[in-house]
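Working notes for the structure below.
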Amino acid sequence: MGLRDIKVPKMKFKKMKMNMVDELNEIDYEKIEKKNFKKKRETPYEDMTHYKTVKESFLQSIKNYPNNPCILEKPNHKESYNTITYKEFGEDVLGLGTALVNVLNLKNKRIIIIGETQYGWYASYMAMLCGVGIAVPADRELPINELENIVRRSKASAIIYSPRKEEDIKKIKERIPEVEYFIEMKSDKKLEEKDVGLQYLIDLGKAIIKSGDNSFEKVQIDPEEFKILFFTSGTTSNSKGVMLNNRNLAENINAVSAYVKIYPIDRLFSVLPLHHCYESTIGFLLPIACGASIAICEGLRYIVPNLQESKPTAILTVPLLVESLYKKINEKIVKSKKDKMVNTMISVTNALKGAGIDIKKKVFKEIYDNLGGNLRIIVSAAAPIDKKVGLWLEDIGITFLQGYGLTETAPISALTPEYKTSVGSAGKAIVQADIKVKDPNENGEGEILIKTPTLMMGYYEDEEETKKVIDEDGYFNSGDIGYIDEDGFIFITGRSKNVIVTQNGKNIYPEEIEMILDKVDEIKESMIYGKKPEENSKKEEKELIITARVIPDYEKIEEIYGKLSENEIYDIIWKKIKEVNKKLTSYKAIKSLEIKEGEFEKTSTMKIKRYKELNK
């Protein structure tokens, strides 16, 4: 799944008949009212977990849910999902850990894990957290020079890699002889010099355990010991190494359990890359701790068929994909000439829900069927999202949650409680955290400061940078600008490093303008920045020019206007920008337009790497 130059997938949904009136007539309202009647809660769940390590939650789940489905993976696109149970996953993890420690002598050493989302990645990461050494998840999209840099910086003793990375691994073997082992996923190759198959190690470890050596399972984990090294993707600067421990990750599990109920019957749909802390913690470690299952998406172009086959109850994703789902479903509704009926039914079902009768899943069954039929939660994080998207999801009965955090907070520091949502916010501080606004302005906005047990140990081999971001009182300076409302909900308005400051001292947050531009049909994506005036400008005080770098939606433009020249497309986009300017205060108005060729370079969570775009 290539996310460096991501293209939103073409999602194909079935035509919708939407026989909603028939659905309404078949409902037993009295029965539903009795079933749904319960007092509205305002406080966190009392039965939140209190894990100290990931291993504690893992061992408990394989004991409590041995026959439950754990991980679902497709051998190939034509075959059905294979299901690995908790018992099988537990045996594989303990077997792999045993072999890595007892056979390869990798105890307390650094091991890079790199590859697309697959069973071997899950098993490898969990084995590391259960007592092998320091896990170093790496972005599979990294060019070879950056991957080499991470191997050297992390002082890696071994690399666990997917078969697709074989060519890069060959180069690293030649250039970095210090790496002791190269372990290939989906391989049962016996140990030969530095090369060995992951499955071979799993089987070897199982044999060792069967012979009576279960020492790896009994390894005690120090919650405070450095065990995970994440390299940030860097939207505003080059990557830093973030040092985490087992406690950081365990506290994420505890935090979510206070705000959201995840049950053993739940199934999460994994569409984001596992090397990112967001997916590997909340999309993997959390459901494992709850006895839930994970269905692996084959890739962006297979999202819809994979959803319909795996039937997940929850999706963890980013705004770009949520907005794409919303857009494609609504396009299908409009083409089916059912948009007025859907809007009417939203009003009717909202009124009924207010009276304690929730029939949304029955009325909007066809929409649910397109998404697998069982979806109840969508979580969006990593960037702001158009509020109307979240409200629409709630209107059709899907609980829409937003999370907030950074790799430095492992990652969750705030989350929307499912029992009291606030669409448009980034959630409330997790129960263990204290979040405040530094030096708020007249609108209550300032830099978000975070004090939380999920906070990193520090930046790897960079004490000076660590001291810059963590103050003497233990608060992390996030670099995000926002405010907190009277109910404790956090609203992020921009990044301090992205802010454009006018000569009059006004602050312009690019993200705010980008969200408005991205609603324009003719615009696929945009980036706002302050452009320096030409050197020959006669003005002594040179005001930055508010500039929009835009990728047009060529497909939509052709659909609306027919085939157009580049100049005509530019004129249409500029006309649309002038309309947007009318919605903005004068100092925020866009003064210049650049048409971007190709895709923006992005992080793994689909945020634009601004510093790289501006350096081009």
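Summary of computed values
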| read-out | value |
| --- | --- |
| Segment 367-417 - Rg (one decimal) and Dmax (whole number), Cα, Å | 12.5, 38 |
| Mean separation of Cα contacts under 8 Å (6+ apart) over length of the chain, as relative contact order % | 14 percent |
| Listed residues Glu566, Glu146, Glu167 arranged by accessible area, highest first, probe 1.4 Å | Glu566, Glu167, Glu146 |
| Rg(Cα)/(2.2 N^0.38 Å) for segment 342-397, N = residue count | 1.19 |
| Diffusion constant of the chain at 25 °C, which comes from Stokes-Einstein with the Kirkwood Cα-pair radius and 0.890 mPa s, µm²/s | 95 µm²/s |
| Sparsely packed trypsin sites (Lys or Arg not before Pro) within segment 290-398, loop by DSSP, other Cβ within 10 Å at most 12 | Lys337 |
| Segment 212-301: radius of gyration over Cα atoms, expressed as a fraction of 2.2 N^0.38 Å | 1.28 |
| Accessible surface, per residue, of the chain when the full set of protein chains is kept, probe 1.4 Å, Å² | 46 Å² |
| Segment 409-478 pair-distance distribution - Cα-Cα, 5 Å bins, rounded % | 4, 15, 23, 22, 18, 11, 5, 2, 0 |
| Efficiency of FRET between Ala207 and Glu180 - r from beta-carbon atoms, R0 30 angstrom, step 0.05 | 0.85 |
| Segment 305-463 - Debye-derived log10 I(q)/I(0), Cα point model, q = 0.15, 0.19, 0.21 Å⁻¹ | -0.89, -1.22, -1.39 |
| Value of [θ]222 nm, deg cm²/dmol, for the chain, DSSP H segments ≥ 4, -39500 (n - 2.57) each, nearest 500 | -10000 deg cm²/dmol |
| Intensity falloff of segment 560-616 expressed as log10 I(q)/I(0), Debye formula with alpha-carbon point scatterers, at q = 0.16, 0.23, 0.27, 0.30 Å⁻¹ | -0.75, -1.02, -1.03, -1.08 |
| Surface share of carbon and sulfur [accessible, 1.4 angstrom probe, percent] for the chain | 48 percent |
| Kirkwood hydrodynamic radius (C-alpha pairs) into Stokes-Einstein, segment 413-529, 37 °C and 0.692 mPa s, D in µm²/s | 206 µm²/s |
| Pairs from Lys240/Lys387; Lys52/Lys467; Lys519/Lys602; Lys328/Lys578; Lys227/Lys311 whose Cα-Cα separation, in the structure shown, is over 30 Å | Lys240/Lys387; Lys227/Lys311 |
| Distance (nanometres) between label positions extended 7 Å along Cα→Cβ at Val499 and Thr344 | 5.0 nm |
| Dipole magnitude of the chain about its Cα centre (Cβ charges: Lys, Arg +1; Asp, Glu -1), debye to nearest 20 | 1340 debye |
| Principal semi-axes in Å for segment 72-120 [√(5λ), Cα gyration tensor, largest first] | 27, 15, 7 |
| Chain lengthening between Lys578 and Leu544 when straightened (0.36 nm per residue, less Cα-Cα) | 10.4 nm |
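The values are calculated or read from the model by the stated rules, or taken from the named source; none is laboratory data. On a predicted model such as this, the values are computed, not experimentally measured, just so you know. Glycine also receives a Cβ, built like all others from the backbone with ideal geometry; neighbour counts cover every protein chain displayed. Heavy atoms of the whole protein, side chains included, go into the accessibility calculation; ligands, DNA and RNA do not. Shrake-Rupley method; radii C 1.70, N 1.55, O 1.52, S 1.80 Å.
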